[in-house]
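Asker: Let me begin by handing over the structure; questions about it come next.
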Amino acid sequence: FKGGDTCEYLLSSGRFLGEKVWQPHSCMMHKYKNSEAKNCLIDKHIVFIGDSRIRQLFYSFIKLINPQVKEEGNKHGNIPFEDKSASIKVDFLWYPEVNGSMRQRIKSWTEHSVAKPHIIVAGAATWSIKIHNGSNEALTQYKINITSIAPLLEKLAKSSDVYWVLQDPVYEDLLSESRKMITNEKIDAYNEAAVRILNSSSRNSKAKVKVFSVSKLIAQETIMKSADGLHLPESSRDMNAMILMNVYCNKIMKPIDGSCCQPQPPLTLIQKLAFCFFTLSIIGYLIINLIHRNNYRKSKSCTDLESGEERKPAISAPNVSTLEMLLHCFCKLGLIMTYFYLCDRANLFMKENKFYTHSSFFIPIIYILVLGVFYTENTKETKVLNREQTDEWKGWMQLVILIYHISGASTFLPVYMHIRVLVAAYLFQTGYGHFSYFWIKGDFGVYRVCQVLFRLNFLVVVLCIVMDRPYQFYYFVPLVTVWFIIIYATLAMWPQIVQKKANGNCLWHFGLLLKLTCLLTCIYFLSYSQGAFEKVFSFWPLSKCFELNGNVYEWWFRWKLDRYVVFHGMLFAFIYLALQKRQMISEGKGDPLFSNRVSNVLLFISIVSFLTYSIWAGSCKNKTECNELHPSVSVVQILAFVLIRNIPGYIRSVYSSFFAWFGKISLELFICQYHIWLAADTKGILVLIPGYPMFNVLVSTFIFVCVAHEISQITNDLAQIVVPKDNSTLLKRLLCIAGFFSGLLLFSAVQDQSRH
């Protein structure tokens, strides 16, 4: 990748994704809404000057500000437009030829007493070809005229954004007799003259007339759909208007999914400190490693002077100190975070918009499912939701979610609803797994809590620092963290009811059910009281964690979407463990979970329920309405899957080691995809190898999976160091962590102050 200005790529190159989506070379286009366009262009004056093609572009541009505008008025005259609410003024000036009249108008803007337009879009040529019947003399005069105008445009470019629109090709078969002289050969000659003359006197200057040549590429694909062979179809000119809006507004509005024309964000104070920390860690590790290697080399062989033979003394491998392991982990992490930053913050690698097709989603799904079947192995134990099975479940779900994200399948509602079930299934496992642990083990110690919280949050905290993103941005981790704390608080509060205690007296089971009922009541109350929910999470410093774009609405929405499923997981774990204790289920290898009759009935009901949910999800027409029903009905498909997977003994006794491997690093995969597989904070796709989409996905996926696996190893190693089992040492570490976060909050406050 040669680097360079992404604005140049936006204005000059790109390709179609499908029939109606334009993909600029190397960067992403944002689709501007009316409100965004108004905010960008507030108090601005924009002028379109040229022929009927420029008039078309003018109308498409003002429709981005006000979609109600109708194309009416004198076609061969000036057309004004004004949006008084935002003080935006857009004018079309009818100058169909590059001549003295156009020069005089442009010259008037260069005078000091006249207010200059903020944006000037100019272009003309087809009228000159038509009026002069395509003569060579007309082309010569065009060159003379544009040569006289060029210095004026270049002078305006020092204070305004000036664009010269090259002429689009025509579809000669559709041209009327009066336009037959307008040929693509002539148009190319006029375009060549304009490109050669414009900016000829200011090649090394930053103030240049921007040549809008991308319209030619768009027209080459779409001009055959033109009504008259000369003017572009509406969809094509709308693309041109959107490109123009991106060129001017991206640097002002800084949309996440609009990487074209955006400068690289400056490093924040916290990012600079993180860079220094990782640099020192790398240097420290290299120094310690060199010292150890040097000492080991000196003592590796000692020569027996009498015999002259070499003896290898019994030297044990040097013990790795805690400091060395710590520096080793941070050294690797520093290199990985550098890759994260280069991928999604530095303008080094390309980014592209997503484009959904059914084949781009379903073909990879079928491929990985077939692949997973080839890695079938026997499980070590045959219990319901055993460790291998839950890892497998997490693995295939994560792979499906990754394909969903990279293919942009969220635009297809049935797929979206099924993916929502997969996210709910993760939370179901959170409720099931943590409840089972606390219920069976009865371990409510600080060590267990700190281990879980560290493993869940370590990567996200590092990314918040390095990538300058709020904690809530990585929404899934805050979600599972809060639910873990809720599960812990529910079971740890007085009276602590665990399996050992409940076995002695059945009344304790009712006590636990009462606790779960209280939890369900609280969830129900908060879900229908947005004000109370927001008050709870708006207190500082909680607000620092859960705010996104200045409010906690996004957190409220994410929490509400799957509010009951963790409770369902806890309740399922309670019922299952109670049945297991009373030996009411059979978990032997190859044995059905219940008697044959009961198993067959439950299996039939589960299959029908699973398919019924899929039919309902497939018939969804409105995302908002379906999201409202989702929290209550998602458990149907989750429970149906659990029963289908576990009732038949032969299915329960096997698992896919392929999916299980991915399941062990599912959290890291989910988080890492934000920046090193997808791009622009998940809005686009990272392009390491331009021009070869399939090869690019293979290479970026390989790196992405390796990085996720490495981060999982680093997290496990650091968890052993940062969260020791000794309570007094753990307390000291917790005080250090509290100090670290206090410092982080302080620096964050300083950063916010400097930004304001």
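The values are calculated or read from the model by the stated rules, or taken from the named source; none is laboratory data. Predicted model only: the values in this text are computed from it and were never measured. Because the Cβ atoms are built from the backbone with ideal geometry, glycine has one as well, and the counts that use them run over all protein chains shown. Keep in mind that these areas ignore ligands, DNA and RNA; they rest on the heavy atoms of the full protein, side chains included. Shrake-Rupley method; radii C 1.70, N 1.55, O 1.52, S 1.80 Å.
Asker: Report whether or not GLU310 is open to solvent by 30 Å² or more (accessible area, probe 1.4 Å), of a type in the set (D, E, K, R) and modelled with pLDDT under 90.
Answerer: Values: open to solvent by 30 Å² or more (accessible area, probe 1.4 Å): yes; of a type in the set (D, E, K, R): yes; modelled with pLDDT under 90: yes.
So GLU310 passes the test.
Asker: I've got another one for you. Pull up region 54-97, narrow it to residues that are in a loop (DSSP other than H, G, I, E, B) and of a type in the set (S, T, N, Q), then point me to the one that is surrounded by the fewest Cβ atoms within 10 Å (Cβ to Cβ).
Answerer: So the first thing to find is which residues in region 54-97 are in a loop (DSSP other than H, G, I, E, B), and the list is 66-78, 84-87, 95-97.
Now restrict to residues that are of a type in the set (S, T, N, Q): 66, 68, 74, 78, 85, 87.
Details: ASN66: 17, GLN68: 6, ASN74: 8, ASN78: 12, SER85: 10, SER87: 13.
Residue satisfying both the conditions and the ranking: GLN68.
Asker: Related question: Out of all the residues in region 654-679, which are open to solvent by less than 10 Å² (accessible area, probe 1.4 Å) and assigned to a loop (DSSP other than H, G, I, E, B)?
Answerer: ILE665
Asker: Quick one: which of CYS276, CYS302, CYS331 is surrounded by 12 or more Cβ atoms within 10 Å (Cβ to Cβ), of a type outside the set (Gly, Ala, Ser), more than 30 Å from ILE403 (Cβ to Cβ) and at pLDDT 95 or above?
Answerer: Result of the check over CYS276, CYS302, CYS331: CYS331.
Asker: Given the conditions (1) part of a helix (DSSP H, G or I); (2) within 27 Å of LYS544 (Cβ to Cβ), report the number of the one that ARG469 does not fulfil.
Answerer: So the condition that ARG469 fails would be (1).
Asker: Tell me the strands (runs of 3 or more DSSP E) entirely within region 2-53 that contain at least 3 residues that are at pLDDT 95 or above.
Answerer: Ranges flagged: 45-50.
Asker: Take the conditions open to solvent by 20 Å² or more (accessible area, probe 1.4 Å) and of a type in the set (Gly, Ala, Ser) and apply them to GLY395. Does it pass?
Answerer: no
Asker: While we're looking at this one, here's another question. Quick one: which residue in TYR655, TYR674, TYR650 is within 30 Å of SER259 (Cα to Cα), in the same structural domain as ALA409 (by the TED database) and among the aromatic types (Phe, Trp, Tyr)?
Answerer: Values: TYR655 fails: within 30 Å of SER259 (Cα to Cα); TYR650 fails: within 30 Å of SER259 (Cα to Cα).
Result of the check over TYR655, TYR674, TYR650: TYR674.
Asker: Restricting the search to region 545-600, which residues are among the small types (Gly, Ala, Ser) and part of a helix (DSSP H, G or I)?
Answerer: GLY569, ALA573, ALA578, SER599
Asker: On to the next question. Against the definition (of a type in the set (D, E, K, R) and within 23 Å of PHE574 (Cα to Cα)), how does ARG455 come out, yes or no?
Answerer: Answer is no for this residue.
Asker: Pairs under 8 Å by beta carbon, first residue more than 23 Å from ASN378 (Cβ to Cβ) in region 581-605, partner surrounded by 11 or more Cβ atoms within 10 Å (Cβ to Cβ) and modelled with pLDDT under 90, six or more apart or different chains?
Answerer: LYS581/ASN503
Asker: For PHE484, which of the numbered conditions (1) exposed (fewer than 12 other Cβ atoms within 10 Å of the Cβ); (2) of a type in the set (Phe, Trp, Tyr); (3) outside any loop (DSSP other than H, G, I, E, B) fails to hold?
Answerer: (1)
Asker: All but one of (1) out of contact with any Lys or Arg (no Cβ under 9 Å at 6 or more places or on another chain); (2) open to solvent by less than 30 Å² (accessible area, probe 1.4 Å); (3) within 26 Å of LEU734 (Cβ to Cβ) hold for HIS509; which doesn't?
Answerer: Only one criterion is unmet by HIS509, namely (3).
Asker: Determine, yes or no, whether GLU97 is closer than 18 Å to HIS45 by Cα, in the same structural domain as THR222 (by the TED database), over 44 Å from the mean Cα position of the chain (by Cα) and not hydroxyl-bearing (Ser, Thr, Tyr).
Answerer: Spelling it out, it is not the case that GLU97 is closer than 18 Å to HIS45 by Cα, in the same structural domain as THR222 (by the TED database), over 44 Å from the mean Cα position of the chain (by Cα) and not hydroxyl-bearing (Ser, Thr, Tyr).
Asker: Out of the residues in region 443-455 that are assigned to a helix (DSSP H, G or I) and open to solvent by 30 Å² or more (accessible area, probe 1.4 Å), which is farthest from ILE737 (Cα to Cα)?
Answerer: Only one residue fits best here, namely ARG448.
Asker: Then there is this: Within region 491-506, restricting attention to residues that are assigned to a loop (DSSP other than H, G, I, E, B) and within 20 Å of GLN580 (Cα to Cα), which residue is least open to solvent (accessible area, probe 1.4 Å)?
Answerer: Residue satisfying both the conditions and the ranking: ILE497.
Asker: Right, here's the next one. Only residues in region 425-445 that are under 20 Å from SER632 (Cβ atoms) count as the first member; pair them with residues that are not in a helix (DSSP H, G or I), Cβ under 6 angstrom, at least 6 apart or cross-chain, and list the lot.
Answerer: Here the result reads LEU427/ASP562, each pair linking region 425-445 to a residue that is not in a helix (DSSP H, G or I).
Asker: Okay, next question. State whether one or more residues within region 153-173 are open to solvent by 30 Å² or more (accessible area, probe 1.4 Å) and aromatic (Phe, Trp, Tyr).
Answerer: Within region 153-173, one or more residues are open to solvent by 30 Å² or more (accessible area, probe 1.4 Å) and aromatic (Phe, Trp, Tyr).
Asker: Say whether the condition of being aliphatic (A, V, I, L, M) and either free of Cβ contacts under 8 Å to residues at least 40 places away in the same chain or within 28 Å of GLN220 (Cα to Cα) (or both) is met by at least one residue in region 154-161.
Answerer: Scanning region 154-161 turns up no residue that is aliphatic (A, V, I, L, M) and either free of Cβ contacts under 8 Å to residues at least 40 places away in the same chain or within 28 Å of GLN220 (Cα to Cα) (or both).
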